[in-house]
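The values are calculated or read from the model by the stated rules, or taken from the named source; none is laboratory data. All of these numbers come straight from a predicted model, not from anything done at the bench. Here the Cβ positions follow ideal geometry from the backbone for every residue, glycine too, while neighbour counts run over all protein chains shown. Please note that ligands, DNA and RNA were not included when accessible areas were found on the heavy atoms of the full protein model with its side chains. Shrake-Rupley method; radii C 1.70, N 1.55, O 1.52, S 1.80 Å.
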Amino acid sequence: MELLPRSPGEFGSARYWDRFFRQRGQRPFEWYGTFPELCPVLHKYVRPRDKVLVVGCGNSELSEQMYDVGMCEDIVNIDISDAVIRQMQERSGSTRPKMSYLLMDMLQMDFPDAHFQVVLDKGTLDALLTDEEEATIAKVDQMFAEISRVLQVGGRYLCVSLAQAHVLKKAVEYFSQEGWVVRVHQVASSGDKQQFVLPVFVYVMTKFRKMSGSAPQILEICPEEQDKPMRMESAEQLVAAVKDRQHYALLCSQISKIPCREQVSLDLCDKESRKPRYTLHVVDSPSVKPSRDNHFAIFIIPQGRETEWLFGTEEGRRQLAASAGFGRLLTVALHREQHYEGMASIQAELSGKVMELAPPGLPARQQVPFLSVGGDIGVRTVRHCDTSPLSGEYVVEDVKGDGSCYFRRLVFLRNRNVVQSEARLLTPTPLQGQKKRRKDKKKPSPTEPPGAIDKSYLCCEHHKAMIAGLCLLGGPDALPGELAVLVVGLGGGSLPLFVHDYFSQACVAVVEIDPSMLQVATHWFGFSQGDRMQVHISDGLDYVAKLAAEAPAQYDAIMFDVDSKDLTVGMSCPPPAFVEKPFLQKVKSILKPEGVFVLNLVCRDAQLKDSVLATLRDVFPLLYARHIEGEVNEILFCQPSPEGRRDPAELGARARALEGALRQPGRPWDSSYTLADMLQAVHIL
């Protein structure tokens with residue numbers, strides 16, 4: 001039986017609908033949205049004494065159901081199909097005496113002005129606005145004008161729609177420009193995903209008298225899980241909010257039917273601030289043999305640990321899911337701007353939403369476990385937050401790591417999943433991760449005691465490798481004597497601090513472009529200047545160029561650990577200008593012949609990385625590389641003379657000797673790694 005039109009334009013044809021309803025017979029046809037789903041929204045805007053007009057009624061049961069439950073009885077239904085009007089008159093004429101069905105075109109209605117309190121449209125606008133051709137838009141404008149004419153001031157136009165972008169945008173723009181209040185409700189789904197994948201929306205347009213001048217637009221959206229409307233700033237923002245909900249519904253439908261080949265990521269936002277509250281990753285493990293109890297689990301990542309390899313990378317999450325032994329693991333990261341009471345409150349908040357992401361084949365009423373490390377949600381306290389003109393928004397926070405260790409971190413919020421600097425705390429200050437949020441939202445006081453920093457501990461693996469690279473310095477002694485070291489990029493200051501404290505005759509010059517970072521390092525990370533440690537606030541490019549022009553060949557070691565502010569480039573460390581050939585030649589000119597240039601390279605663009613390595617080889621005859629396992633970082637050790645070449649065994653021996661010399665009585669030393677370990681995987685490029 002052919003029930004579909006030959007072209008979208010036939011949706012506005014009386015002949016098509018006559019044929020449609022004759023062929024369909026008495027069976028009701030509902031485009032989308034069942035009465036139980038629509039009822040909660042309709043109850044808000046339809047009063048028992050309202051006079052209601054239903055445009056394009058078809059043979060839907062909606063009017064009959066509204067009548068039968070007592071929601072409203074004075075209902076007038078119109079349609080352009082004579083066949084369906086006669087059918088509906090026969091069906092309801094004797095049982096619903098106060099409800100009428102009239103053959104009428106909604107584009108030219110016979111009703112007097114301001115005759116109705118409610119106009120109800122279920123799918124009619126969607127059927128009419130099939131394209132954006134001039135003739136179609138003219139019909140829609142005529143439809144809206146007629147609806148506006150027959151509605152009283154304070155009346156409501158309720159439009160049930162799938163909210164295609166062009167349909168929603170047209171309705172919102174037309175009525176908001178007329179001075180009406182526009183609110184969009186997402187209809188709560190019945191859970192029958194087989195019926196319709198896309199969510200159903202109800203546009204509620206409330207008529208107000210048009211004011212002279214430019215009155216502010218009132219545009220709102222009510223997501224299905226809350227009654228409180230959210231104000232939107234523009235029609236574009238409202239359309240985007242609806243589009244986000246449509247994409248989410250499609251995603252849920254897709255992953256409920258087939259396993260995910262790739263990890264799916266999405267943010268769940270706070271209802272009030274609209275900022276991300278949870279970041280979810282859906283990880284499927286095809287290798288896990290399904291049983292009744294291992295289909296699905298939720299893993300809450302402890303606060304402050306979302307950047308760790310196991311939780312912050314695809315491979316780490318894949319390993320986590322496999323070791324947990326569940327076919328689908330949903331990892332949940334908590335955001336620093338949000339407050340969480342504890343595991344129980346998170347479970348209560350997420351329990352309904354996460355089930356929308358359940359895997360195919362999950363048994364009915366299956367209990368889904370919530371997992372975490374140690375059974376808690378971790379602890380995170382923001383100690384300081386501010387904005388720098390150069391680095392943007394940043395925070396200093398204390399977090400509890402694995403076991404009993406506490407760490408202080410510097411994070412640039414433009415790249416919130418990367419820890420810029422980290423230090424271990426010897427005596428952690430009280431952490432407030434479980435305390436209730438203070439009513440005032442003032443920034444943490446920058447004068448708050450920072451706690452003691454463990455300067456012997458290098459948290460970052462790439463810093464450990466950079467220190468180990470100093471064993472490449474020439475000379476028979478394991479511990480060089482007087483050293484001149486240039487460090488470009490301060491961050492929290494842990495790298496230059498370690499060089500200063502453990503190489504007792506080293507003079508360290510640090511170049512940092514952002515004066516805010518010097519304040520952060522000094523107050524929060526135990527950094528200090530002195531006779532052997534000086535910080536120069538300058539662009540590293542300018543500082544090196546000036547040195548090259550004035551006094552070449554003066555440094556034993558030069559270390560670059562400087563991030564790029566441009567996130568559009570596939571290299572986040574260093575900025576591209578730092579690895580251009582003319583600049584690298586200036587770096588080489590201020591390096592002593594037996595010295596070493598150590599570069600922290602973070603490059604995800606394979607082609608760009610090959611180009612950088614080729615340029616480095618052109619400038620430095622001897623180039624070693626050390627990849628940091630589980631990270632993108634690669635540490636490059638560059639030397640100006642090929643005569644300093646050493647094989648891995650010799651490098652290991654020198655590293656052990658250097659470490660032995662650095663370990664002085666009474667001086668703390670982190671025993672979790674050795675310098676030789678850091679050089680085991682070094683290879684010559």
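For this structure, a couple of remarks:
- For residue 270, residues with placed amide H under 5 Å, excluding near neighbours: 275, 277
- Residue list for segment 351-367, given a label point 7 angstrom along the Cα-to-Cβ vector of residue 264 and an amide N cut-off under 17 Å: 351-363
- Dimensionless Rg ratio for segment 86-154, taking C-alpha atoms and the 2.2 N^0.38 Å reference: 1.30
- Note on segment 603-661: Cα-only Rg and Dmax are 13.7, 41 Å.
- Distance between the 7 Å Cα→Cβ label points at residue 257 and residue 152: 4.7 nm.
- Considering only segment 460-684, percent of DSSP beta bridges that pair antiparallel, nearest 5: 45 percent
- Solvent-accessible surface of segment 259-371, averaged per residue with a 1.4 angstrom probe and all protein chains in place: 48 square angstrom.
- For segment 502-594, the fraction of 1.4 Å probe accessible surface lying on carbon and sulfur atoms is 53 percent.
- Residue 546 contributes about 120 Å² of solvent-accessible surface, heavy atoms of the protein only, 1.4 Å probe.
- Percent of Cα pairs in segment 486-525 per distance bin of 5 Å, from zero to the largest separation: 6, 26, 32, 23, 11, 3.
- Amide H partners (placed H, <5 Å) of residue 130, local residues excluded: none
- The slack between residue 554 and residue 580, meaning 0.36 nm per residue of separation minus the straight C-alpha distance, is 7.2 nm.
- Which of 82, 126 is most accessible, then next, and so on - probe 1.4 Å: 82, 126
- When each of the peptides 127-137, 327-337, 515-525 is scored by how many other beta carbons lie within 10 Å of its residues on average, the order from highest to lowest is 327-337, 515-525, 127-137.
- Rounded Å value of the spacing that divides the Cα centres of segment 241-310 and segment 514-565: 42 Å
- Charge dipole (Cα centre; +1 on Lys/Arg Cβ, -1 on Asp/Glu Cβ; no other charges) of segment 460-684 amounts to roughly 300 debye.
- Under the Karplus curve 6.51 cos²θ - 1.76 cosθ + 1.60, θ = phi - 60°, whole-Hz ³J(HN,Hα) for segment 365-374, x wherever Gly or Pro sits: 6, 6, 6, 9, x, 9, 10, 6, 7, x
- Cut-off under 5 Å, modelled amide H: who pairs with residue 425 long-range: 406, 407, 408, 454
- Dividing the Cα radius of gyration of segment 275-367 by its Kirkwood radius returns 0.96 for Rg/Rh.
- Distance between segment 598-618 and segment 364-401 - C-alpha centres, whole angstrom: 33 Å
- Convex hull (Cα only) mean projected area of segment 460-684, reported in nm² to one decimal: 12.0 nm²
- Counting only protein heavy atoms and using a 1.4 Å probe, the accessible area of residue 532 comes to about 60 Å².
- Surface share of carbon and sulfur [accessible, 1.4 angstrom probe, percent] for segment 259-371: 51 percent
- Here the Karplus relation 6.51 cos²θ - 1.76 cosθ + 1.60, evaluated at θ = phi - 60°, turns the backbone of segment 334-343 into coupling constants of 9, 9, 5, 7, 9, 10, 10, 6, x, 4 Hz, with x for every Gly and Pro.
- Shape class for segment 95-221, computed from the alpha carbon gyration tensor (a ≥ b ≥ c): rounded, with a/c under 1.5.
- Dipole of segment 460-684, positive direction: furthest Cα of 653, 587, 564, with charges on the beta-carbon: 653
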